[in-house]
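Okay, structure first, notes after.
The values are calculated or read from the model by the stated rules, or taken from the named source; none is laboratory data. Source: prediction; values computed, not measured. FYI the Cβ positions are ideal-geometry reconstructions off the backbone, even for glycines, and counts take in every protein chain you see. Remember, those area values only see protein heavy atoms, side chains included, never the ligands or the DNA or RNA. Shrake-Rupley method; radii C 1.70, N 1.55, O 1.52, S 1.80 Å.
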Amino acid sequence: MSSGRFIVLEGIDGSGTTTQARLLHERLQRAGRLRTRATCEPTTGPIGALIRHALQRRMVVNAEGGARAPDWKTMALLFAADRMDHNDALILPALARGEIVVSDRYSLSSLAYQSLTSDDPIGALPWLSAINSRAVRPDLTLVLDIDAALATKRRLARAGEPEIFEVDALQARLAERYLRAESLCPGDVIVHLDAAQSVEALSAQIWAVVQKVLPSDLSEAQ
Ligand code: TYD
């Protein structure tokens, strides 16, 4: 059996998933006994590139009434297709080699973001789960919970134009939905962490949680 582990970081925009995924990857590399892979969604592959264009309003649909971003169903299918490529090209081969894969976002993002941008945030969930049902489940999902106003402050400190989902009202609803992440993916191992604390303190907490899911020879060595 493979000794690989698949760890995902999730949260609203500005919760720190990218920073914490990087720090976790570096920490795992320092532990040094297993190969680790850092990755993200949207991916750096062709479908991920298309998604980033849509997020930045550079890919639009010429709908009646004018050009607009693709609707939530199209976005959901793009994210799911990107995820299948991600599984085939990187995640599954790395896990089969016994590596530790750390992903900045995964299917929980689709369940949260695409349901809340749909016309029926509860009714959309079964379809969103179905189109993601072939994606390998993570061994551990770390949800970085944060007050939406604080995350907005952090986002505003960054350079660049806001992406299509970086809207305050949506982010506040997403923060609530992430608090109840267990109901979105029953059966998954989910651990919530307080993302309002310092980067260093959160990173230390994440490392403590992650060690519990590592193969025993590695966690005992730390
Ligand atoms: P993000 O992590 O913010 O990427 P970047 O830091 O490069 O901007 O992710 C991009 C956005 O896509 C973010 O708002 C969350 C959203 N998203 C979804 O709506 N559904 C998904 O399935 C994924 C993976 C991301």
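Annotation for region 56-79: no member residue is farther than 26 Å from residue 167 by Cα, more than 13 Å from the ligand (Cβ to nearest atom), free of Cβ contacts under 8 Å to residues at least 40 places away in the same chain and open to solvent by 40 Å² or more (accessible area, probe 1.4 Å).
Of all the residues in region 10-35, those that are touching a residue at least 40 places away in the same chain (Cβ under 8 Å), outside any loop (DSSP other than H, G, I, E, B), among the charged types (D, E, K, R) and away from the ligand (no atom under 12 Å from the Cβ) number 1.
If you filter region 112-131 down to residues that are within 8 Å of the ligand (Cβ to nearest atom) and part of a helix (DSSP H, G or I), you find that the one that is surrounded by the fewest Cβ atoms within 10 Å (Cβ to Cβ) is 113. Residues in region 85-111 that are within 18 Å of residue 45 (Cα to Cα) and in a loop (DSSP other than H, G, I, E, B) were compared, and the one that is least open to solvent (accessible area, probe 1.4 Å) is 106. When residue 82 is tested against the conditions (1) open to solvent by 40 Å² or more (accessible area, probe 1.4 Å); (2) modelled with pLDDT of 95 or more; (3) acidic (Asp, Glu), the lone failure is (1). Only one of the numbered conditions (1) farther than 20 Å from residue 22 by Cα; (2) more than 9 Å from the ligand (Cβ to nearest atom) is violated by residue 101, and that is (1). For residue 26, the conditions (1) over 15 Å from the mean Cα position of the chain (by Cα); (2) of a type in the set (Asp, Glu); (3) closer than 30 Å to residue 173 by Cβ are fulfilled apart from (3).
Would you check if residue 38 is more than 12 Å from the ligand (Cβ to nearest atom), closer than 15 Å to residue 106 by Cα and surrounded by fewer than 19 Cβ atoms within 10 Å (Cβ to Cβ)? Considered against the rule, which asks whether it is more than 12 Å from the ligand (Cβ to nearest atom), closer than 15 Å to residue 106 by Cα and surrounded by fewer than 19 Cβ atoms within 10 Å (Cβ to Cβ), residue 38 comes out as yes.
Evaluating residue 179 against the criteria (1) surrounded by 13 or more Cβ atoms within 10 Å (Cβ to Cβ); (2) in contact (Cβ under 8 Å) with a residue 24 or more places away in the chain leaves one unmet condition, (1).
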